[in-house]
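Report on the structure given below.
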Amino acid sequence: MLLLSLAYQSLRHRKLTSALTVFSIALSVALLVGVELVRMGARESFSHTISQTDLIVGARGGSLQLLLYAVFRMGSATNNITYESYRQFAEHPAVEWTIPYSLGDSHRGFRVVGTTGDFYTRYRFRRDRRIEFTAGHAPENVFQVAIGSDVAAALGYRLGDAVTLTHGVSSGRGILDHEDRPFKICGILQRTATPVDRSLYVPLEGMEAMHLDWGDGAPPLPGEATPASKIHKEDMKIKQITAFLLRAKSRIDTLRLQREINTNEPEALMAVIPGVALGELWRTIGYAEDALAVVTVFVLVVGLLGMLVSLYTSLNERRREMAILRAIGAGPRNIVFLLVAESGLLALAGTVLGVALVYGLTWLSQPAVEHHFGLFLPVVAPTPTGWAYMSAVVVAGLLIGFVPAVKAYRNALADGLGIRL
Amino acid sequence: MRVTNTTGTAMQLDVVRFAYRKGREVLRIPNLTISAGERLFIFGPSGSGKTTLLGLLAGVLRAGSGAVTVLGRDLTAMKPAERDAFRGAHIGYIFQLFNLIPYLDVLDNIVLPCRLSAERRRRLNGASLEAAARRVAEHLGIGALMRENVARLSVGQQQRVAAARSLIGTPEIVIADEPTSSLDHDHREKFIELLFSECREAGSTLIFVSHDRTLMPLFDRCVSLPDINEAA
Ligand SMILES: Nc1ncnc2c1ncn2[C@@H]1O[C@H](COP(=O)(O)OP(=O)(O)OP(=O)(O)O)[C@@H](O)[C@H]1O
Ligand SMILES: [Mg+2]
């Protein structure tokens with residue numbers, strides 16, 4: 001106890017170096033714990049890119065591919081689903097709701113999604129967030145479009161602007177523009193910080209109307225196309241969609257439905273559970289987090305070495321102090337304890353400060369980070385990994401303290417009471 | 001409990017040899033006996049081994065051979081930790097200069113030996129640490145400085161704080177290694193008188209080392225280290 005209080009007072013006496021050491025350790029710890037938090041947040045946000053959807057259904061193919069085009073608006077489907085198959089499951093007694101997606105068109109690099117009103121009422125992300133509008137409303141007739149916030153920001157669109165959609169997925173101005181049938185922007189979605197922001201949303205009927213009179217993937221000849229003014233929502237017959245999201249009535253239904261969809265005849269369908277598929281995807285890109293973790297460990301090592309240097313260099317000035325303590329009855333072991341306690345206290349203070357720093361910063365920056373990066377940083381108690389990091393820092397601090405301590409021990413034995421300055 | 005010594009001998013060296021490095025013997029002392037309550041003056045030129053001798057007597061250094069008997073106990077036979085505890089309990093030590101722990105104030109410096117050694121604390125006979133420290137400090141004329149930062153004291157004041165620290169808990173033996181060499185003549189004599197009166201009151205044996213032979217007349221007995229050291 002006495003030695004601990006001596007260690008504390010000695011550190012206080014050397015305020016500036018102690019503070020600098022504590023601060024450098026704190027920064028390292030903050031980085032370490034912060035990266036862990038961001039990692040958790042990223043994983044959490046990623047796995048909640050889409051919520052409350054039990055199954056994503058598309059034509060049979062790769063599950064990753066399905067996840068990518070249905071959720072992340074990346075890549076494209078190899079096959080479509082007939083509208084009949086979709087209705088079959090949409091009306092299934094075990095199904096609570098579905099959201100159909102019709103993909104394949106784009107606008108200046110952004111994907112166009114044909115969907116129904118259910119998208120605006122049922123779709124959920126980040127557990128329970130729903131689609132909202134910063135301006136306007138959901139499309140009500142065939143040639144209306146609602147645009148994601150990224151689209152609005154990137155292209156500077158406002159309500160009432162007319163946009164021309166492009167057949168196929170390409171950036172820039174497409175070769176096959178549906179110029180004769182422009183869409184009018186009726187709504188701008190609020191930012192979700194998910195892939196939802198990077199799409200334009202038209203009614204399924206609009207998607208169908210765009211391709212009206214097309215045959216075999218080729219546009220109708222000039223003059224043969226039905227004028228846009230003659231196209232009515234009620235008249236449009238939807239033939240196919242690309243994928244749909246499905247919410248089952250219960251958990252057990254989910255698995256039963258998945259089996260049913262996967263074995264559907266004659267059309268080959270596939271249903272994936274978003275959580276599972278997202279988890280798989282996360283693991284494939286997870287090596288990036290490991291790289292980050294390695295870097296932070298190096299930062300920590302540098303912080304601890306800084307402490308070693310400062311303790312070690314202070315040692316020579318403190319030889320006299322050690323001799324005095326010895327004369328009073330302290331043994332070399334006490335001196336070892338004193339120095340190890342000092343480094344332990346520094347490491348502990350640094351760790352506490354670092355954790356406080358990271359939680360404070362997280363708490364402060366949480367809304368901004370979520371808004372800009374779609375990353376929800378949870379202010380929760382440290383994970384076991386987090387605790388492990390923290391105790392590792394303190395233990396490393398104690399161990400590092402042994403280096404100057406052993407040196408002091410040798411000095412204490414060799415110097416006797418003669419004190420060299 | 002005070003260690004009683006029926007023989008009246010506080011310390012005794014018998015054919016003690018010591019070397020910091022092999023083959024470079026610093027001390028070889030056939031015999032040195034110090035009586036209890038004696039005020040002994042040891043002198044010798046710089047580098048003659050005075051501090052080394054004190055290290056042996058205090059049990060900070062361990063003799064290569066021979067016996068160092070302090071208060072009836074042979075230090076060379078003790079384990080290191082035992083020696084440290086023994087020193088903390090029975091010996092007060094004053095250095096030439098810079099005696100104080102810079103991050104403790106005057107009071108905390110004075111009471112440090114009692115906090116380090118339970119036995120030394122017991123010798124306060126129930127008085128609180130602070131009361132005991134104040135008492136010695138008053139005697140040494142530094143009673144008003146108890147909460148002062150030691151770095152702000154004059155050299156003479158610092159030496160008196162060191163003396164107070166060596167005297168608290170009335171150790172049987174007080175060892176002073178050139179404690180006055182940084183003081184001017186008047187302060188030197190005053191300091192030694194204070195030290196004497198405190199040691200007398202506590203019944204402590206005082207071993208005082210210096211190369212300044214003008215101090216010799218003040219002591220009961222004087223020993224020239226080179227004279228008793230065969231390695232010299
Ligand atoms: N820690 C040490 N390691 C090696 N040699 C030492 C050490 N301390 C002292 N010596 C050597 O031992 C001899 C005696 O030194 P010591 O300090 O005992 O002399 P001293 O009489 O106290 O001198 P001074 O009056 O200058 O204090 C010297 O030759 C010195 O070089
Ligand atoms: Mg000396």
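None of the figures in this text is laboratory data; all of them are computed from the coordinates on show. Everything numeric in this text was worked out from a predicted model, so none of it was measured. Virtual Cβ from ideal backbone geometry, glycine too; neighbours counted across all protein chains shown.
Determine the relative contact order of segment A:55-272: mean sequence separation of Cα pairs under 8 Å and six or more apart, normalised by residue count, in whole percent.
33 percent
May I ask for the angle, rounded to the nearest 10°, between helix B:185-202 and the longest principal axis of chain B, with both axes built from Cα atoms and the value confined to 0 to 90°?
It is inclined by approximately 90 degrees.
Report the label-to-label distance for residue B:155 and residue A:137 in nanometres (one decimal), using points 7 Å from each Cα along the Cα→Cβ vector.
With each label placed 7 Å out from Cα toward Cβ, I get 9.5 nm.
Calculate the all-directions average of the projected area of segment A:1-88's alpha-carbon convex hull, and give it in nm². Kindly include the intermediate steps, with their values, before the conclusion.
Numbers: hull surface 43.5 nm².
Averaged projected hull area, Cα only: 10.9 nm².
Using the count of nearby Cβ atoms within 10 Å as a rough guide to exposure, how do B:168, A:285 rank from fewest to most? Working shown, then result.
On the way: B:168 25, A:285 9.
The most exposed by this proxy come first: A:285, B:168.
Nothing charged except the Cβ atoms of Lys and Arg (+1) and of Asp and Glu (-1): what's the magnitude of the dipole of chain A about its Cα centre? Round to the nearest 20 debye.
Roughly 2460 debye, rounded to the nearest 20.
Per-residue HN-Hα couplings for segment A:72-78, Karplus 6.51 cos²θ - 1.76 cosθ + 1.60 at θ = phi - 60°, whole Hz, x for Gly and Pro?
With coefficients 6.51, -1.76 and 1.60, one gets 9, 6, 10, x, 8, 7, 7 Hz.
Evaluate E = 1/(1 + (r/R0)^6) for residue A:399 and residue B:46, where r is the Cβ-Cβ distance and R0 equals 41 Å; express this FRET efficiency to the nearest 0.05. Let's see the in-between values first.
Values: r = 42 Å, r/R0 = 1.02.
Calculated value: 0.45.
Hey, can you grab everything whose amide H is under 5 Å from the amide H of residue A:113? Only 5+ residues off in sequence or another chain; H modelled, so Pro and N-termini drop out.
A:200, A:201, A:202
Counting Lys and Arg as +1 and Asp and Glu as -1, each charge on the Cβ, what is the dipole of segment A:55-272 about the Cα centre in debye, to the nearest 20? Intermediate values should be presented prior to the final figure.
Working: 26 positive and 25 negative charges, 206 e Å.
Its charge dipole is roughly 1000 debye.
For chain B, build the charge dipole from Cβ charges (+1 Lys, Arg; -1 Asp, Glu) around the Cα centre, then report which of B:197, B:183, B:98 sits farthest towards its positive end.
B:98
For segment B:78-128, take N as its residue count and report Rg(C-alpha) divided by 2.2 N^0.38 Å. Kindly include the intermediate steps, with their values, before the conclusion.
Working: Rg = 12.1 Å, N = 51, 2.2 N^0.38 = 9.8 Å.
Ratio of Cα Rg to 2.2 N^0.38 Å: 1.24.
Beta carbons within 10 angstrom, averaged per residue: use that to sort the peptides A:347-357, B:151-161, highest first. It would help to have the intermediate numbers written out before the result.
On the way: A:347-357: 21.0, B:151-161: 18.8.
Listed from highest to lowest mean packing, they are A:347-357, B:151-161.
What is the Cα centroid distance between segment A:1-70 and segment A:182-208, reported in whole angstrom?
Using only Cα atoms, the two centres lie 35 Å from each other.
Can you give the charge dipole size of segment B:1-139 about its Cα centre, rounded to the nearest 20 debye, using +1 on the beta carbon of Lys and Arg and -1 on the beta carbon of Asp and Glu?
Values: 20 positive and 11 negative charges, 65 e Å.
Dipole magnitude for segment B:1-139 comes out near 320 debye.
Amide H of residue B:223: which non-local residues (sequence gap of 5 or more, or other chain) have their own amide H closer than 5 Å, using H built in the peptide plane?
Residues meeting the criterion, in which the H sits 1.01 Å from N, are B:41, B:42, B:43.
Taking only DSSP H segments of four or more residues, each worth -39500 (n - 2.57), what value at 222 nm results for chain A once the sum is divided by all its residues, to the nearest 500 deg cm²/dmol?
Values: 13 runs with 219 residues, N = 421.
The helix contribution divided over chain A gives -17500 deg cm²/dmol.
Roughly what would the spin-label model give for residue A:379 and residue A:129, points 7 Å off Cα along C-beta, in nm?
With each label placed 7 Å out from Cα toward Cβ, I get 1.8 nm.
So what's the back-of-envelope 222 nm ellipticity for chain B, counting only DSSP H runs of four-plus at -39500 (n - 2.57) apiece and dividing by all residues, rounded to 500?
-10500 deg cm²/dmol
Under 20 Å from the 7 Å Cα→Cβ point of residue A:74, by amide nitrogen: which residues of segment A:374-397?
Within reach of a label on residue A:74, which here means backbone N under 20 Å from a point 7 Å along Cα→Cβ, segment A:374-397 contributes A:374-376.
Residue-wise, which Karplus ³J(HN,Hα) couplings in Hz belong to segment B:65-79, taking 6.51 cos²θ - 1.76 cosθ + 1.60, θ = phi - 60°, and x for glycine or proline?
So the Karplus estimates, Gly and Pro as x, are 8, x, 10, 10, 9, 10, 6, x, 10, 7, 5, 5, 8, 8, 6 Hz.
How many partner chain Cβ atoms sit within 10 Å of a residue's Cβ in peptide B:83-90, on average, as a whole number?
Numbers: counts 2, 8, 3, 1, 6, 7, 1, 1.
Taking all residues of B:83-90 together, the mean is 4.
Taking the simple approach of a point 7 Å from Cα along Cα-to-Cβ for both residue A:372 and residue A:19, what is their distance in nm?
Spacing of the two 7 Å Cα→Cβ label points: 3.0 nm.
For residue A:240, which sequence-distant residues (separation of 5 or more, or a different chain) have an amide H within less than 5 Å of its own amide H, given hydrogens modelled in the peptide plane?
A:83
Kindly provide the Kirkwood hydrodynamic radius of chain B in Å, to one decimal, from all pairs of distinct alpha carbon atoms.
Numbers: mean 1/r = 0.0559 Å⁻¹.
Hydrodynamic radius (Kirkwood, Cα only) of chain B equals 17.9 Å.
If you fit an axis through the alpha-carbon atoms of helix B:155-167 and take the longest principal axis of the Cα set of chain B, what angle between them do you get, 0 to 90°, nearest 10?
Compared with the principal axis, the helix lies near 70 degrees.
Can you bin every Cα-Cα distance in segment B:156-199 into 10 Å intervals starting at zero and give me the percent of pairs per bin, rounded to whole numbers?
Percent of pairs per bin, in order: 27, 62, 11.
Going through segment A:230-316, which trypsin sites (Lys or Arg not before Pro) have at most 13 other Cβ atoms within 10 Å and a DSSP loop state?
Numbers: sites: A:230, A:233, A:237, A:239, A:247, A:249, A:251, A:256, A:259, A:283; in loops: A:237, A:239, A:249.
Listed in order of number, the matching sites are A:237, A:239.
Using a Gaussian network model on chain A with a 10 Å cutoff between Cα atoms, which of A:266, A:93, A:332 fluctuates the most?
A:266
Once phi is turned into ³J(HN,Hα) by the Karplus curve 6.51 cos²θ - 1.76 cosθ + 1.60 with θ = phi - 60°, what whole-Hz value does each residue of segment A:189-204 show in order, with x for glycine and proline?
My calculation for segment A:189-204 gives 6, 6, 4, 10, 6, 10, x, 4, 5, 9, 9, 10, 10, 10, x, 3 Hz in order.
With chain A treated as a Gaussian network of Cα nodes joined by springs under 10 Å, which of A:54, A:253, A:105 yields the largest mean-square fluctuation?
A:253
Among A:90, A:42, A:381, which one shows the highest mean-square fluctuation when chain A is modelled as a Gaussian network with alpha-carbon springs under 10 Å?
A:381
Compute the Rg/Rh shape ratio of segment A:55-272: radius of gyration over Kirkwood radius, all on alpha-carbon atoms. The partial results should precede the final answer.
Values: Rg = 16.9 Å, Rh = 17.7 Å.
My calculation puts Rg/Rh at 0.96.
Where the eigenvalues come from the Cα gyration tensor of the protein assembly as shown, what are the semi-axes √(5λ) of the equivalent ellipsoid, largest first, in whole Å?
Values: eigenvalues 1662, 98, 75 Å².
Whole-Å semi-axes of the equivalent ellipsoid: 91, 22, 19.
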